[in-house]
Amino acid sequence: MKLGQRLLVFYFLILGLVGWFVLDLVFGQAKPLVRQSAEETLVDAANLLAEIVASDAANGEIVITPALRDALNRYAGRTPDADIWGLKKSRIHTHVYITGPAGTVLFDSRGQDEGKDFSRWNDVHLTLQGRYGARTTRSDPQDPSTSIMYVAAPIRDQGSLIGVISLGKPGRAIEPFVQRAERYLMLYGGLALLVCLLSGVLLAWWLSRRVNRLRRYAEAVANDERPAPPRFRGHDEIRDLADAVTAMRRRLEARAQLEDNVTLLTHEMKSPLAAIRGAGEILAEEVDDPALHRFTDNVIHESIRLSDLLDKLLAMARLEKLESLPAHKSAVSISALVQEWQHSRYALLAEKQLDITVNEGALQAEADTFRLALFNLLDNALRFANENTTITVHVEAACLTVTNTGPVIPDYALGRITERFYSLPPPGQERSSGLGLAMVSEIASLHGGSLKLENTQQGVQAKLILPE
């Protein structure tokens, strides 16, 4: 799935969840709000009618006069023909009944319940106790649409409670208002979701278009093309990323050019150096003058040093071109590699009368690069080790430790000893190229490990730590 599609799906999921939550909340409150509004109106109407009925009371009793009965009946039969915000109201739905102080129905606008005992209905029962009385009752217990909401008000004569008047509003009368509110919510909610979705599509297209321009630019750079850097209006993260990619491209091009030049230079210099060394060796056999002999020895020695430097430069260039090592690693035997190194450095070891001790062990590593790292660590230990001492190679878990007895690293050099071309001279010898430990550090980084150099009481300890 492309980035624009991911953004759109993620945006739409969040929008849908938020929209569903809001609409569900509003839908859940629509019917209660309409019922609350209707209840508030019934409370006002019930109290108004209670005062009208109380005006005809006599001797502390409710008197249903013919005029009052006739008025209430005419009220129940009215046809208001009202247009309430687009909804037609053609009849009166309010049910009115009046009870005495004992809860007996004295008047019923429907003419069905007069004489019945309503003292146990909540609206009458609570009002007779001096509290707010209201109830909702279904005429058909199995049908929620037949519910009727009743609100009662006390009828008082000179402060004494003489009866109750109760007004009922059928649920069917307020249902059209609830349905209309829900329709409006669905309509406007759907339009809002559609507008937000279109905005999300536009945003995803705009972002993916900018990212695709940057992607095409990076692909062209990877294919060794020289495209013009993409131009973006405004200052945002994508423009900053484009500038960073452009800067990275220029630095990589400069680095690649430098590496190619170094590789070409080292290759081209190998043949002349071999010729100079051969000529020096031949010349050394032909001359007898001690001064000339020292001169030819110096030529041979420096050509060997320069050839060694070129080899290390080539190895360093190859390492720096690697982005990572192959995923497959094998168990490399340390003792076998140390023996191979001893055979190649036999003359130097014999000259300084050095011993090598190594324990049996293996490390999971890429064989060729690890061999190069181990040989450089041992060469460095050989150069700085005192005569008649021992170089110790120890393997434990994922750590290779090479320890020699000799001069320690000065404090000022500990933090720079693995830098390229930075080196310290061994006692009585010349400086090295300063590339050996730098190569070891680079190899450790390619393995995802590290190189640590520490001073001990007798000399220096180098730890090559590789992840298991």
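The values are calculated or read from the model by the stated rules, or taken from the named source; none is laboratory data. Given the structure is predicted, the values throughout are model-derived calculations rather than measurements. Methodologically, a virtual Cβ is constructed for each residue, glycine included, from the backbone with ideal geometry; neighbour enumeration extends over all protein chains shown. Side chains included, ligands, DNA and RNA excluded: accessible areas come from the protein's heavy atoms. Shrake-Rupley method; radii C 1.70, N 1.55, O 1.52, S 1.80 Å.
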Item to complete: Report the label-to-label distance for Q179 and L13 in nanometres (one decimal), using points 7 Å from each Cα along the Cα→Cβ vector.
Response: 3.8
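Under the √(5λ) rule applied to the eigenvalues of the Cα gyration tensor, what semi-axes describe the equivalent ellipsoid of region 344-385? Give them in Å, descending. Kindly include the intermediate steps, with their values, before the conclusion.
Values: eigenvalues 97, 30, 15 Å².
They are 22, 12, 9 Å, listed from largest to smallest.
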Worksheet item: Could you sort L446, L197, L378, L17 by accessible area so the largest value comes first, with the probe set to 1.4 Å?
Response: L17, L197, L446, L378
Worksheet, complete the sentence: Along principal axes, largest first, the alpha-carbon spread of region 32-73 in whole Å comes out as 41, 22, 10
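Give the calculated FRET efficiency between D56 and V22 to the nearest 0.05, with a Förster radius of 51 Å applied to their Cβ-Cβ distance.
0.45
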Worksheet, complete the sentence: FRET efficiency for V287 and L197 from the Cβ-Cβ distance with R0 = 60 Å, rounded to 0.05, comes out at 0.05
Worksheet item: For the residue pair S335 and A413, what label-to-label distance in nm results when each label sits 7 Å from Cα along the Cα-to-beta-carbon direction?
Response: 3.4
Practice prompt. First measure r as the distance between the Cβ atoms of W205 and V245, then evaluate 1/(1 + (r/R0)^6) with R0 = 22 Å and state the FRET efficiency to the nearest 0.05.
Written response: 0.50
Worksheet, complete the sentence: The farthest towards the positive end of the charge dipole of the chain, of the residues L435, V299, L15, given +1 on Cβ of Lys and Arg and -1 on Cβ of Asp and Glu, is L15
Worksheet item: So how do K31, K463 rank on accessible area, 1.4 Å probe, biggest first, that is with the largest at the start?
Response: K31, K463
Fill in: Where Rh is the Kirkwood radius over Cα pairs, Rg/Rh for the chain
1.50
Worksheet item: Where the accessible area of the chain is counted over protein heavy atoms with a 1.4 Å probe, how much of it, in %, is carbon and sulfur?
Response: 56
Response to the item:
Long-range share for region 370-468, i.e. C-alpha pairs more than 23 Å apart as a percent of all pairs, stands at 18
Worksheet entry | Degrees separating the helix 171-222 axis from the principal Cα axis of the chain, which is the longest one | 10
Item to complete: Calculate how steeply helix 367-384 sits against the longest principal axis of the alpha-carbon atoms of the chain, using the helix alpha-carbon long axis, and give the answer as 0 to 90 degrees to the nearest 10.
Response: 60
Worksheet item: How big is the charge dipole of the chain about its Cα centre, in debye rounded to the nearest 20, if each Lys and Arg gets +1 on its Cβ and each Asp and Glu gets -1 on its Cβ?
Response: 2500
Worksheet item: Per Stokes-Einstein, at 37 °C and 0.692 mPa s, what whole-number D in µm² s⁻¹ belongs to region 1-113, with the Kirkwood radius over Cα pairs as the hydrodynamic radius?
Response: 175
Worksheet item: region 215-244 to region 407-468: how many Å between their Cα centroids?
Response: 39
Fill in: Given charges at Cβ of Lys, Arg, Asp, Glu: the chain dipole, positive-most of Y188, G361, S37
S37
Fill in: For the chain: relative contact order, % (alpha-carbon pairs under 8 angstrom, 6 or more apart)
9
Fill in: Cα-based equivalent ellipsoid of region 140-208: semi-axis lengths in Å, sorted from largest, via gyration tensor
52, 16, 8
Fill in: Inter-site label distance for A279 and Q36 at 7 Å from Cα along Cβ, in nm
10.5
Worksheet, complete the sentence: CD proxy, 222 nm, the chain: helix-only mean residue ellipticity via -39,500 (n - 2.57) per DSSP H run with n ≥ 4, per residue, nearest 500, stands at -19000 deg cm²/dmol
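Keeping all protein chains in place and using 1.4 angstrom, which order do V34, V408 fall into by accessible surface area, from largest down?
Heavy-atom accessible area, descending, gives V408, V34.
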Worksheet item: Hey, what angle do you get for helix 436-446 against the long axis of the chain, alpha-carbon based, 0 to 90 degrees rounded to 10?
Response: 30
Worksheet entry | region 200-234 residues near the modelled E253 label - backbone nitrogen below 19 Å, point 7 Å along Cα→Cβ | 214-232
